[in-house]
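Step one of this worksheet: look at the structure below.
Each value in this text was obtained by applying a stated rule to the coordinates, not by laboratory testing. Since the model is a prediction, treat every value here as computed from it, not as a measurement. No Cβ is skipped: glycine too gets one built from the backbone with ideal geometry, and neighbour counts run over all protein chains shown.
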Amino acid sequence: MSLHLREIYVEGESVLHRMDARTKLICALALPFAVLAMPLDASWSYAACFALALVAFTLSRCHWRELLRFAWIPLVPLFIAALFLPFFAQNDASGSVNLFGSGVRVARQGIDATLLLLARSTLTVLVLGTLALTTKAHEIFAGLARLGLPKRAAQSLALSFRLTFVFAEETLRMVRARDARGYRPRFVWSVSAIGRVAGALFLRAYARGERLQRAMLARSGSGHADMHFETRSLSRRDWLAMAVWLGALVALAWSAQ
Amino acid sequence: MSDESVAAPVPVPVLEARNLHYVYQHEHAPGAGKHLHAAMDGVSFALAAGERVALLGANGAGKSTLLLSLLGLLKRVDGEVLIAGELLRRKNARRLRAKLGLLFQDPDDQLFNPTVFDDVAFGPRNLGVDGDELQSRVRRALADAGVSELAERSPMRLSVGQKKRVALAGVLAMQPDVLALDEPDAALDPRGRRELIATLGALSPAMLVVTHDLAFASALCERALVMDQGKLVFDGEMRALMSDEAKLLQHGLA
């Protein structure tokens, strides 16, 4: 495992990379809400949403591998949960289905729920992944602040994100140091070492926080993470992109009813 | 001071510590009572403008405690600190800290902004500097620290040496009269050390440099302060200290 942890963001010069973070945030968050309004019967509307999301991803000029590198993390548990849904759904008027002719009957309502969950989660991960691949983390936090998130909340998010990497690297160092001294978790009681690492990490995090605050005070700060988010206006291209995207989503959601 | 002193008279102190005392309290076991440890015991010294002084001592001698005290970052410190002749108090601490730039030992303690530019601009912004002056201060500090090309990078994607230089730029952007550097050479390879010596040697502010590396201290500083068990036990020329092997051994420096 590398000690140099990576952000999801991938350097690039695509039209999406150059777009304002606010535009991308609004567009990316609008799609999951739009698909919530679409019934499963209107499968063409889901196909159209997938087409939209794929166009956006293609415009990002990122590689599928970059997306899959992290997309599997939320998708795998969601897919597993979706596969079990038909077996726990109650039979209702919609009837039941003989599963692949095996004689096992599952509720049609459960299969519908599975398909909905698969479609909605895949779409959401696809658009949010495209956002993350084309937008630096601090631009996302700055974008949230410019969209009205209280500045202190945006600053806390940005600082937490930064420290996540510091603590993750610290954890990796501790785990390596532990393993270098022969630790192999072969037995249940070996797990207690994980608790000790977590405890040590908590103490280190506390000490790190104290030192960080001193560093802020030393540079005439107030002791809070007073990060600066520049104000800037959206370009005509951003407004246009937002209008096209949101217009298409509203039209699809409306037609699907 | 317990040893002989050869300190030259200090004409205009940009930094002065007068009789600083600080005690850490430890409780080794519940009910065992408190153990008191004097991290600083009557420390006094002064720095003239542009003077470069090495602060030496074994681990636990009180060097880092002294640096934090000079900025008023520790509570319950007895004694007085004067920065540019002005007594450091709670109400003027924020303003006076701009005159004394502290570089922390671990740059990850100091770098928390999303980009290098924002991190270097953090201090000046706290002083109300903005617009063109902010841009020019940050660009100059980055250039002085030799990291102009990193301005738009994220601090989390830098090497240790780059992080150290960016942290130094963050301190330089405050345009301090004095730099207090806590082991700036720690974790640097020989080339990184040479480059750091060249960078620091070209800077004009007075410096108080904490280090365990006598070669690094000799290359950069003409005067040395040695701390041992919270006391200042030597204040004199770096050359005189280097030639006194008995003293180096006595205070855990060699």
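Structural remarks
- Lys, Arg +1 and Asp, Glu -1 on Cβ, resulting dipole of the protein assembly as shown about Cα centre, debye, nearest 20: 1260 debye
- By the count of other C-beta atoms within 10 Å, a proxy for reagent exposure, A:ARG61, A:ARG214 are ordered fewest to most as A:ARG61, A:ARG214.
- For A:LYS151, the aspartates and glutamates whose Cα comes closer than 12 Å to its Cα, not counting residues fewer than 8 places off in the same chain, are A:ASP226, A:GLU230.
- For chain B, the longest site-free run once GluC sites (Glu not before Pro) in DSSP loop states with at most 16 other Cβ atoms within 10 Å are removed: B:28-151
- Of all DSSP beta bridges in chain B, antiparallel share, percent nearest 5: 60 percent
- Cut-off 18 Å, label 7 Å out along Cα→Cβ of B:ALA186, residues of segment A:128-167 by amide N: A:166-167
- Length gained on full extension, A:TRP72 to A:LEU147, computed as 0.36 nm times the residue gap minus the Cα-Cα distance: 24.1 nm.
- Above-threshold pairs, the threshold being 29 Å between Cα atoms, out of A:LYS24/B:LYS164; A:LYS24/B:LYS163; B:LYS75/B:LYS231; B:LYS91/B:LYS247; B:LYS63/B:LYS91; B:LYS99/B:LYS247: A:LYS24/B:LYS164; A:LYS24/B:LYS163; B:LYS91/B:LYS247; B:LYS99/B:LYS247
- Taking the Cα centre of chain A as origin and assigning +1 to Lys and Arg Cβ atoms and -1 to Asp and Glu Cβ atoms, the resulting dipole is close to 1060 debye.
- Gyration tensor (alpha-carbon) shape descriptor, chain A, a/c threshold 1.5: oblate
- Positive-end residue, the protein assembly as shown charge dipole about Cα centroid, Cβ charges, pick of B:ASN92, B:ASN126, A:PHE33: A:PHE33
- Counting only DSSP beta bridges whose two residues both lie in the protein assembly as shown, roughly 60 percent are antiparallel.
- Spin-label model distance (nm) - A:TRP44 vs A:PHE88, 7 Å beyond Cα toward Cβ: 3.5 nm
- Look at the dipole of segment B:71-187 built from charges on Cβ: of B:VAL178, B:VAL81, B:VAL166, the Cα furthest out on the positive end belongs to B:VAL81.
- Virtual spin-label span in nm between A:LEU29 and A:VAL104, 7 Å along Cα→Cβ: 4.0 nm
- Approximate spin-label separation A:GLN257-B:LEU82, in nm, with each point projected 7 Å along Cα-to-Cβ: 7.8 nm
- Alpha carbon convex hull of the protein assembly as shown, volume per residue in cubic angstrom: 217 Å³
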